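In what follows, a single structure is set out as structure tokens and then discussed.
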Amino acid sequence: MALHKNEIIPLTIESLSSDGSGVGHYEGEAVFVPATAPGDVLQARIVKDCKHYAFGIVDKLEAPGPGRVQPDCPVYRPCGGCCFRHLSYEAELAAKQSFVADAFSRIGGLEIPMLPILPSPLPQRYRNKVQYPVALSPDGHIVTGFYAGRTHNVIPCSDCLLQPDVLNRIAQSVCRLLEQYHVSVYNEQTGKGLVRHIFLRQGYHSGEILVCLVANGRSLPHSREICEALQKEFSSIVGILLNVNTKRTNVITGPESILLAGREFLRDTLCGVPVELGPLSFYQVNTPGAEQLYGVAREFAALKPGDLLLDLYCGMGTIGLSMAADCSQLIGVEIISEAVESARRNAAAMGVQNARFFCADAGQAAAQLAEEGLAPNCIVLDPPRKGCDQTTLDAVLKMAPPTLVMVSCNPATAARDVRYLVDHGYTAQKVQAVDMFARTKHCECVVLLSKSHPETV
Ligand code: SAH
């Protein structure tokens, strides 16, 4: 039976889908309702029917499920950056544990023992980076906030609970200074006006802060006064930059950054690895969360003196370098040349001499290394969301290391890739879900695979 738009139906939410919506069934048809909790009993209003499933919104909540809480953010719904603020963190973790388990069982067709999910060490204010769009409010004030889901309307938000308090305070001060010095704000419709985004980064361990104003131009009026005022108010600011983005595009930053004050980068550490971060460097946004994740990877890798470790998709080298002391040789492969340079600098700063980093496509480099007869004892794979490509997986199979550690920000592609490796002689030993993005729908996982029949190699 088809449901109709605007029809109101009774629904009990049974579970959460991996995009964060609640799911219930009405006469056999799955109905997805955002911002609901398992156990909620509600009247849902249908907004769209897609034949075998439908989308609805809450018309009336009749009885809340056990994990439901009052959202702690005033712009939770319109902002859309978080999708679980109506759930207790325990209920969110339970949901994420089952997303990861479902990905491996449904997509991968695999039964792998799952360890209990590791929560984010900080459930709030864990991000080390924020990019606030800047806009004019109806009463003419400069505000920062977030784009409302799928739109380009800025929802003002002066205190995002995912960001450290000091970054929110800096963004507010920047707005006041821009107003004071009559600096214009970019307008997406007309393509006119100067300041587009306020981009801030903070080193979790060092506390150092980098301020970057993304601008539709190459100079900031009253730059000296604005920089001095900011540095005076916030002593942790180590550098202020103007990033030039004059294109009419959704991409936030442009390729060029001009230094206005201080230095171009901040210093921090990750798992004891010293890092230097500019505005454009890729870096995990939750530092203590990433340290926990890499700790799991290190434990799974269980390297021994004499071992050779191959770190594919290594970024600035942090996973491999955090394990460099456990092995005798480290090879990292990464496609972005700036990241490879950072990896080399990080290794040098640590005094690590047993590491080499190649700037190449992971698949091509791995195929060549396999061809040369490289026999690593362990390979760590940490691909982007789309997962590994066939060339990479085939080269990994050819090198046939006894241990593989797959780190992934997308359990669905991880399940697909693990399935392929299992079909070609590996055993998936265990999966560890790690929450690095509390309150949002994203979840990381680490999988340990080992060679099933070493005697046949
Ligand atoms: N291990 C790193 C980075 C993981 S993110 C860390 O934890 O910080 C995935 C990385 O894969 C990014 O640095 C991205 O630039 C890189 N990458 C994407 N496609 C690639 C490819 N085809 N070959 C090699 N590296 C690639």
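The values are calculated or read from the model by the stated rules, or taken from the named source; none is laboratory data. Since we're looking at a predicted model, the values are computed, not measured. Cβ sites come from the backbone with ideal geometry, for glycine too, and all protein chains shown count toward neighbours. Side chains are part of the model used for accessible areas, which takes the heavy atoms of the whole protein and leaves out ligands, DNA and RNA. Shrake-Rupley method; radii C 1.70, N 1.55, O 1.52, S 1.80 Å.
Size descriptors for region 219-312: radius of gyration and Dmax over Cα atoms are 18.7, 58 Å. Computed from backbone phi with θ = phi - 60° and the Karplus coefficients 6.51, -1.76 and 1.60, the 3J(HN,Hα) list for region 155-165 is 8, x, 8, 8, 9, 5, 6, 8, 9, x, 3 Hz; x is used for glycine and proline. Per-residue ellipticity at 222 nm, computed for the chain from helices alone with -39500 (n - 2.57) per DSSP H run of at least four residues, works out to -7500 deg cm²/dmol. When the charge dipole of the chain is built from unit charges on Cβ atoms (+1 for Lys and Arg, -1 for Asp and Glu) and taken about the Cα centre, the candidate among HIS25, GLN231, MET436 whose Cα reaches farthest toward its positive end is GLN231.
Loop-located chymotrypsin sites (Phe, Trp or Tyr not before Pro) across region 175-237 with a Cβ neighbour count of 16 or fewer within 10 Å are TYR181, PHE234, with loop assigned by DSSP.
Considering only the Cα atoms of region 84-176, their convex hull presents on average a projected area of 8.4 nm². Taking one equal scatterer on every alpha-carbon of region 242-367, how large is log10 of I(q)/I(0) by Debye at q = 0.10, 0.13 1/Å? Listed by q, the Debye log ratios stand at -0.36, -0.58. Highest-first packing order for the peptide set 324-336, 353-365 is 324-336, 353-365, based on the mean count of other beta carbon atoms within 10 Å.
Dividing the C-alpha radius of gyration of region 227-280 by 2.2 N^0.38 Å, with N its residue count, gives 1.35. The distance from the alpha carbon centre of region 253-269 to that of region 379-397 is 32 Å, rounded to a whole number. Along the charge dipole of the chain, pointing to its positive end and built from +1/-1 on Cβ of Lys, Arg, Asp and Glu, which listed residue (LEU309, ALA412, PHE199) has its Cα farthest out? Comparing the listed Cα positions along the dipole, PHE199 ranks first.
Evaluated on region 295-406, the Kirkwood hydrodynamic radius is 13.6 Å, with distances taken between all distinct Cα atoms. Protection proxy ranking of 29-39, 54-64, by the mean of other Cβ atoms within 10 Å over each peptide's residues and highest first, is 29-39, 54-64.
In the full protein context, the chain carries 44 Å² of accessible surface per residue, based on a 1.4 Å probe and ignoring ligands, DNA and RNA. Counted by Cβ distance under 14 Å from ILE9, the other residues give a net charge of -3, where Lys and Arg count +1 and Asp and Glu count -1.
Directionally averaged projected area (the chain, Cα convex hull): 23.7 nm². In whole percent, and with a 1.4 Å probe on the protein chains, what portion of the accessible area of region 124-190 is carbon and sulfur? Carbon plus sulfur share of accessible area: 50 percent. Under the convention that each Lys and Arg Cβ holds +1 and each Asp and Glu Cβ holds -1, the size of the dipole of the chain around its Cα centre is about 920 debye. Our coupling estimate for region 101-118, obtained by passing each phi through the Karplus curve with A = 6.51, B = -1.76, C = 1.60 and θ = phi - 60°, is 4, 4, 4, 6, 7, 7, 7, x, x, 10, 10, 10, x, 10, 7, x, 4, 8 Hz, Gly and Pro reported as x.
Could I have the simple spin-label model distance between GLN70 and VAL47, label points 7 Å from Cα toward Cβ, reported in nm to one decimal? My value for the distance between the label points is 2.5 nm. Between amide H atoms placed 1.01 Å from N, distances below 5 Å from GLY332 occur with ASP311, ARG356, PHE357, PHE358, all of them 5 or more places distant or on a separate chain. Here is the size of region 373-433 from its Cα atoms: Rg then Dmax, 10.9, 33 Å. Here's how it looks for ASN153: its modeled amide H is under 5 Å from those of ALA148, which are all 5 or more places away or on a different chain. Each residue of region 384-401 is assigned a 3J(HN,Hα), and the resulting list reads x, 4, 6, x, 8, 8, 4, 4, 5, 5, 5, 5, 4, 5, 5, 6, 6, x Hz, derived from the Karplus form 6.51 cos²θ - 1.76 cosθ + 1.60 (θ = phi - 60°), x at Gly and Pro. When the Cα positions of ALA362, LEU266, GLY140 are compared along the charge dipole of the chain, GLY140 comes out farthest toward the positive end, with charges on each C-beta of Lys, Arg, Asp and Glu.
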